[in-house]
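Novice: Questions regarding the structure given below will be posed in turn.
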Amino acid sequence: MYGKKVKLRILFLSLILAVLILTVFLVLKSLEENVVYFISPSEIKELGEIDYNKKYRVGGMVKKNSVNMSADYVKFIITDFKSEISVKYSGVIPNLFIEEKGVVAEGFLKDRNFLEASKILAKHDENYMPPEVKEALKEK
Amino acid sequence: MLNLIGNYSLVLALTISIIIIFLSFKTFKSKENITFNIFFIISSQFFLICISFLTLLLAFVYSDFSNLAVYFNSHSSKPLFYKISGTWGNHEGSLLLWLLVLSLFNLIFYIKSKKLLNAFRSLTIFFQQIIILGFLLFIFFTSNPFQLVIPTPIEGLGLNPILQDPALAIHPPILYLGYVGSSIIFSSSLSALVCNYVNKEWASDIKKWTLISWIFLTVGIMLGSIWAYYELGWGGFWFWDPVENVSLMPWLCLTALLHCTSVLKKRLNLKSWTIILAISTFILSMSGTFLVRSGILNSVHTFANDPERGLFILIFLTFLILISLIIYFKHNNFNQENKSFIFSKESAIVINNWFMMYFLSVVLIGTVYPIFLEAITNEKISVGPPYFNQLIIPFLIPFLIIMALGPKLEWIKNKKVRVKLTKIILFVLSIFISYLIVRHFSTKVLYLTILISPSLYLFFISVIDLNDEKLKLSQKLSHFGFSILIVSIILNSLFSEEVSVNLKKGEERQLSNYLLKFKNITKTEIDNFTSLKAEIHVIQNNKELKFYPELRLYKVPETITSEADIKTNLFNDNLVVVNYLKDTDYLNIRYQKKPFMLLIWISAILLAIGGMIGLRKDFK
């Protein structure tokens, strides 16, 4: 019915379409799995159900006099002046990690009051605050 | 005084820009020869912008705090080198640098394009001037570097200490040369479309510009990486941070374009694809500037920003995209190109172009998806490295294999499809080696191991190709450099080790195979900071390494930076970074072993050298 060339072209186009669909599917799936959500301590309290296998980023201020150092880890409290959450972290501490300054900790929630962090984010300059933190603080 | 000179030369440059737009369009319409006048005007515009840049530079060198930009970003106690680099270390100055490079390239294009079609030349200058005008307006309305502070402050606020670093001092200008180089590619391809001038002559001209931008972009990205490696002390070279991604995207696009221009030059094929790539490269560079400068990106690199600036660039960007789309669809009347798929060099290049576009889309989605999601649902997310690794690694396998085999194929059609024995032997050999690596070392990242054999294969083939007289030296060298890059990246991520611990002075601690000792700490006052030098010993298998990592406490602005102590040799980097916690005696110590770091930098340099050789040949 169709010439050889047309058939070839249809085949080629459908192949491209299939590849495109596959790509989009792969990208979306991979996005879904690897996305890290940002929340403030108050939002954790309001969270309906906690996904213990999902990474969260918690942002806020390091509470005054809450930093507790030991050889293996550092413990501190992140507050957004409404709620707070304890964080335990072992690893590299960025230079700008200072009490009463903004901080973002990334890790797994153990329960509503405790986060085991695997990363603390560093910032470029001392005046800079992650937009997330700024907003969380603004809402207080 | 200085401020006024700088400001007024910018105003003059703006007027001249409008004159050039008018004149160049007139010459294009009337099809006259370009007259001497235009050269005079273009060079005087460049001269004026130069003066304006120099006055800002002088204001920084002499710490003229009546200038707002100087007041915010400089301090009289800063070393001279960083006073100079402070000129482009801030937003206003860096835009002025953009502008300087834009007009410089405009001038160079004018001088170097004498042999080309006249209408094409004047139209290219027209488009380039539109970009220059856009940037001039941007500078005037949102980020004038010559704002006055009254009364004049006695002392400045200081440059962010983390930016006071040799690699980062030259990183922005070089990266900008790469970004801005793509502006000429953009203007010239729009103009070639209108003049119906997409031919071999145009291709060989645009190839030079592509190579120039590509070289600078490669070196610029590398410098940024090196800086992140030792200054941020994260102990890696790539973090899939949005700001890094933003520079990677134009690089991918340029690399694809580079290969396309060869096809166009040799075979007059892939015309519209080349144009699309040329346009997207510049659009991506501009969006990069937009994303970094607007503060939309949620990145650790982000500086404090002004949303108004972002809006302006966004409008300008939309405007540019619109014109290019209109011109593209109005003038895209290329004859049906030969699209049949044959086993040839072109097909290899086209296929790998598609792969590069795929990588680009993955990076693009990963970078902008969080922005869109936040705008729509107000949910804040970030996309982590696993996303990029999962989507890119599997597709690198065919990419690397095609990259290994492609250069040897012939143009048009590869008649004799002979499979050489050496290639098969090498293939088996690389699979065997990767089997040995997986078997003998307890590797943590299994996912990555699938890349070992194709990358080794590419490495072997490109080593053999180095002796092939038929291939171009530039191509051989760059492919060789890339193969080393990919092999060292893989081995680096497979065999990196790190331990970290908090210790007080005099304490020691055993962590897996390593014994870390915190011996001593000394305090010295240097120029504009206090240095705390720790002495850390790391003992493994009875071998003791002494490290002297440093902490710098800056007074203005009050900041702490860590300087890692890195012991480098060809196969291994050993480094110790310390951080300090206020009000405690503890030092946060991290020891890392990073194999093949040096090779990663060397291979990036090889890539750039390959590009330079190609450029030299093209200018002959």
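Computed from the coordinates by the stated procedures, all read-outs in this text should not be read as laboratory data. All of these numbers come straight from a predicted model, not from anything done at the bench. Cβ coordinates were reconstructed from backbone atoms using ideal geometry, including for glycine residues, and neighbour counts include every protein chain displayed.
Novice: Say the dipole of the range B:531-620 comes from +1 at the beta carbon of Lys and Arg and -1 at that of Asp and Glu; which of B:THR559, B:MET612, B:THR584 then lies farthest toward its positive end?
Specialist: Going by the Cα projections, it comes out as B:MET612.
Novice: Helix A:4-34: angle to the longest alpha-carbon principal axis of chain A, degrees 0 to 90, nearest 10?
Specialist: Relative to chain A, helix A:4-34 is tipped by roughly 10 degrees.
Novice: Under 24 Å Cα to Cα from B:LYS78, which lysines show up? Leave out anything in the same chain fewer than 8 places away.
Specialist: Answer for B:LYS78, where 24 Å is the Cα cut-off: A:LYS123, B:LYS523, B:LYS533, B:LYS555, listed by chain and number.
Novice: Would you kindly state how much longer the chain becomes between B:ASN333 and B:ILE425 on full extension, computed as 0.36 nm times their sequence separation minus their alpha carbon distance, in nm to one decimal?
Specialist: In short, 28.4 nm is gained.
Novice: In addition: Using only alpha carbon positions, build the gyration tensor of the protein assembly as shown, then give the equivalent ellipsoid semi-axes as the square roots of 5 times its eigenvalues, largest first, whole angstrom.
Specialist: Here the semi-axes work out to 43, 36, 25 Å.
Novice: Show that you can apply the helix-only estimate: for chain B, add -39,500 (n - 2.57) for every DSSP H stretch of four or more residues, divide by all residues, and state [θ] at 222 nm to the nearest 500.
Specialist: Helix-only estimate at 222 nm: -22000 deg cm²/dmol.
Novice: For a Förster distance of 51 Å, can you work out the FRET efficiency between the beta-carbons of B:LEU466 and A:LYS82, rounded to the nearest 0.05?
Specialist: 0.20
Novice: Partner chain Cβ atoms within 10 Å, averaged over the residues of B:357-364 - can you pull that number for me?
Specialist: 1
Novice: Tell me the label-point distance for the pair B:HIS537, B:ILE108, using the 7 Å Cα-to-Cβ offset, in nm and rounded to one decimal.
Specialist: 5.4
Novice: Amide H to amide H, which residues 5 or more places from B:PHE596 or on other chains are under 5 Å from it, using H placed in the peptide plane?
Specialist: Here B:ASN572, B:ASP573 satisfy the definition.
Novice: Please list, in order along the range B:378-395, the HN-Hα scalar couplings obtained from phi with the Karplus expression 6.51 cos²θ - 1.76 cosθ + 1.60 (θ = phi - 60°), rounded to whole Hz, x for Gly and Pro.
Specialist: In residue order, the calculated couplings are 6, 8, 9, 9, 9, 9, x, x, x, 4, 5, 4, 4, 7, 9, 3, x, 7 Hz.
Novice: Given charges of +1 on the Cβ of Lys and Arg and -1 on the Cβ of Asp and Glu, with all other atoms neutral, how large is the dipole of chain B about its Cα centre, in debye to the nearest 20?
Specialist: In total the dipole reaches around 2680 debye.
Novice: Oh, and also: Counting other Cβ atoms within 10 Å, which trypsin sites (Lys or Arg not before Pro) in the range B:537-610 have at most 11 and lie in a DSSP loop?
Specialist: Loop-located and lightly packed - B:LYS582.
Novice: To the nearest 20 Debye, how big is the dipole of the range B:131-248 about its Cα centre, given +1 on the beta carbon of each Lys and Arg and -1 on that of each Asp and Glu?
Specialist: Magnitude of the dipole: close to 420 debye.
Novice: Rounded to whole Å, give me the distance from the Cα center of the range B:86-126 to that of the range A:1-72.
Specialist: When both Cα centres are located, 40 Å separates them.
Novice: So, with +1 on the Cβ of K and R and -1 on the Cβ of D and E, and no other charges, what is the size of the charge dipole of the range B:1-127 about its Cα centre, to the nearest 20 debye?
Specialist: Its charge dipole is roughly 580 debye.
Novice: How charged is the neighbourhood of B:ILE226? Take every other residue with its Cβ under 12 Å from the Cβ of B:ILE226, and add Lys/Arg as +1 and Asp/Glu as -1.
Specialist: -3
Novice: Loop-only trypsin sites (Lys or Arg not before Pro) in the range B:88-129, please: DSSP not H, G, I, E or B, and at most 16 other Cβ atoms within 10 Å.
Specialist: Answer in residue order: B:LYS114, B:LYS115.
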